[in-house]
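What follows is one structure encoded as C-alpha cells, with my remarks underneath.
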Amino acid sequence: MAGDICGGNARCIAMLHAFQQAIKDYSTPPQKSLGRDLTAKIGGYVSFFNECRPLSVSMGNSIRFLKNRIAKLPVNLLESEVKATLCSDIDRFINEKIIIADEVIVRHAATKIRDGDVLLTYGSSCAVEMLLLYAHELGKEFRVVVVDSRPKLEGQALLRRLIASGLKCTYTHINAISYVMHEVTRVFLGAAAVLSNGTVYSRVGTAGVAMVANAFHVPVLICCEAYKFHERVQLDSICFNELGDPDAISKVPGRKDVNYLDNLTAKEQLQCLNLMYDATPSDYVSMIVTDYGMIPPTSVPVIVREYRREHLWI
C-alpha cells in the first residue's frame, strides 16, 4: 500500500512468500476440512491485499494457481505433508514462471540487439533491465535512451543502475519522445499484463511511447512473462484501471512555487485523475517476447488457451 514493493513480479513474489508463511503457521480447526478451510483463509488474505492495493494480473493468476493446487491435494495426506507440498509448489511457481522465465526472455530478446543500436525503454521494467545488462555482458555495443515521466520517475533508478554497470545512456522525459525517436532503432517495453486481444496493459505512458515509435516505423518489442497473460479483453484505459494519489499530479515535490492548481483542487468541478496504467493497442506492438518464444500479438489467445488447459500456470 505504501508503494515500497512495486512492479508486477516483485508484488507477486512478496505475496507468495506471505502465503508460504501463512501456510506454515496454519493448523486445521477441529471438524474442518483442510482444503476448504485453507481456501477460505487464502480468500480472506486476498481480500486484505485487494483493500491495500488492487491486485495486479500477475497476482490474480498466481492466486488461481495456488487455489488450484489446494483443490487437487489428495485427501489422505497428513497436514505436515500438505504444507510441505504447497510450499514446494509456490517455490516452483516462483522459480519456473518468474525467475527462469525472465532468463529465457532475456536470451530470446538479446538476439534482436545488434552493435550500434540505440534502444529506448520507458519507466523501469525488471525484464528489460535484465536484457540490457545481459546484452552489455555479451559485449554488444549499443546506447540506451531511458524515457521517464512524472509522478513516479521510475526511470531515474533504472538509469543509475545502468550507468553503474557501464552502459551508455541518455535520459529524457516523455514530452521529448518525438524528438529522440528519430535516432532510435528498437523500443523495449515491459508489461503489467497482456490481454487476449493483444492489448498490452502497462505503466501509464507506455501507449504514447509505442504510438510514437509506430509513427517513426521503429519496432516495439514487449518483454512479458506468460503468467501475466489474461483472457480478459480491454479496449481502453478507462473501463478498468488503478487510480493513484491525485495530489501526485497537481504538486511537484520540492517546488512549492508550482502551485497553479492549489485553489482549484478543492472545487467540485475539478477532479484530478491519476491513472496508473494504460492500454496499448496490438497495432502498435511488433512482437511480444515471452518465456515460450517470440510471438505476434495475435497469438496471445493460443498461449492463454493451451497453458490454461494444461493447468501449467493457472
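The values are calculated or read from the model by the stated rules, or taken from the named source; none is laboratory data. Quantities reported herein were computed from a predicted structural model and do not represent experimental measurements. When we count neighbours, we look across all protein chains shown, and the Cβ atoms used for this are built from the backbone with ideal geometry, even at glycine. In case anyone asks, the SASA skips ligands and DNA or RNA and just uses the protein heavy atoms, side chains included. Shrake-Rupley method; radii C 1.70, N 1.55, O 1.52, S 1.80 Å.
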Net charge near ILE99: determine it from the other residues with C-beta under 13 Å of the C-beta of ILE99, scoring Lys and Arg +1 and Asp and Glu -1. -4
Hey, if you put +1 on the Cβ of every Lys and Arg and -1 on every Asp and Glu Cβ in the chain, which of VAL209, ILE5, SER124 ends up farthest toward the positive end of that dipole? ILE5
Could you work out [θ]222 nm for the chain from helices alone, using -39500 (n - 2.57) per DSSP H run of at least four and dividing by all its residues? Round to the nearest 500 deg cm²/dmol. -12500 deg cm²/dmol
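From the C-alpha gyration tensor of the stretch 8-101, pull out the three semi-axes of the equivalent ellipsoid (sqrt of 5λ each), sorted largest to smallest, in whole Å. Don't skip to the end; give the middle numbers.
On the way: eigenvalues 100, 51, 21 Å².
Each semi-axis is the square root of five times an eigenvalue, giving 22, 16, 10 Å.
Using the Cα centre as the reference, give the magnitude of the dipole from point charges on the C-beta atoms of the stretch 8-101 (Lys, Arg: +1; Asp, Glu: -1; all else neutral), rounded to the nearest 20 debye. Numbers along the way, then the final one.
Numbers: 13 positive and 8 negative charges, 46 e Å.
That gives the stretch 8-101 a dipole magnitude of about 220 debye.
Dipole magnitude of the stretch 90-165 about its Cα centre, charges +1 at Lys/Arg Cβ and -1 at Asp/Glu Cβ only, in debye to the nearest 20?
Numbers: 11 positive and 11 negative charges, 37 e Å.
Around 180 debye, computed over the stretch 90-165.
Rounded to the nearest 5, what is the percent of antiparallel bridges among the DSSP beta bridges in the chain? Could you put the intermediate results ahead of the total?
Numbers: 10 of 33 bridges.
Beta bridges within the chain, antiparallel portion: roughly 30 percent.
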Protein accessible area in the chain, 1.4 Å probe - carbon and sulfur %: 55
Along Cα→Cβ, 7 Å out, is where each label goes; now give me the distance between the ones at ASN175 and LYS256 in nm to one decimal. 2.4
Area of GLU137 that stays accessible when all protein chains are in place (1.4 Å probe, Å², to 10): 150
Sequence of MET181, MET294 when ordered by accessible area, the most exposed leading, probe 1.4 angstrom: MET294, MET181
Quick tally, 1.4 Å probe accessible area for CYS12, CYS6, sorted with the most first, runs CYS6, CYS12
Take the alpha carbon atoms of the stretch 196-220, find their center, do the same for the stretch 116-149, and report the distance between the two centers in whole angstrom. 17
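Looking at the stretch 132-205, send over the antiparallel percent of its DSSP beta bridges, to the nearest 5.
25
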So for the stretch 8-101, taking the charge dipole from beta-carbon charges (+1 Lys/Arg, -1 Asp/Glu), which of ALA18, THR28, PRO54 sits furthest toward the positive end? PRO54
Which net charge results when you count Lys and Arg as +1 and Asp and Glu as -1 among the other residues whose beta-carbon is under 14 Å from that of ASP37? +3
Phi-based couplings in Hz for the stretch 9-14 (Karplus 6.51, -1.76, 1.60; Gly and Pro marked x): 5, 4, 5, 5, 5, 4
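What number comes out for accessible area per residue over the chain if the probe is 1.4 Å? Units Å², please.
Numbers: 15880 Å² over 314 residues.
Value returned for the chain: 51 Å² of accessible area per residue.
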What label, among [x] 67, 53, 37; [y] 72, 41, 32; [z] 85, 48, 34, belongs to Cα extents along the principal axes in Å computed from the structure on display? [x]
Enter the Cα centre distance for the pair the stretch 248-298 and the stretch 22-95, rounded to the nearest angstrom. 34
5 Å is the cut-off here: which amide hydrogens, built 1.01 Å from N in the peptide plane, fall below it relative to ARG186, excluding neighbours closer than 5 in sequence? VAL118, LEU120
Can you tell which of ILE303, PHE240, VAL285 lies farthest toward the positive end of the dipole of the chain, using +1 and -1 charges on the Cβ of basic and acidic side chains (Lys, Arg; Asp, Glu)? ILE303
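What is the sum of charges around LYS112, taking Lys and Arg as +1, Asp and Glu as -1, for the other residues whose C-beta is under 14 Å from the C-beta of LYS112? Each step should come with its number before you reach the end.
Details: positive: ARG107, ARG114, LYS140, ARG186; negative: ASP115, ASP117.
Local net charge: +2.
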Residue-level accessible surface for ASP257, protein heavy atoms, 1.4 Å, Å²: 90
Nothing charged except the Cβ atoms of Lys and Arg (+1) and of Asp and Glu (-1): what's the magnitude of the dipole of the chain about its Cα centre? Round to the nearest 20 debye. 340
Which value, in Å² and to the nearest 10, is the accessible area of LYS168 when all protein chains are kept and the probe is 1.4 Å? 120
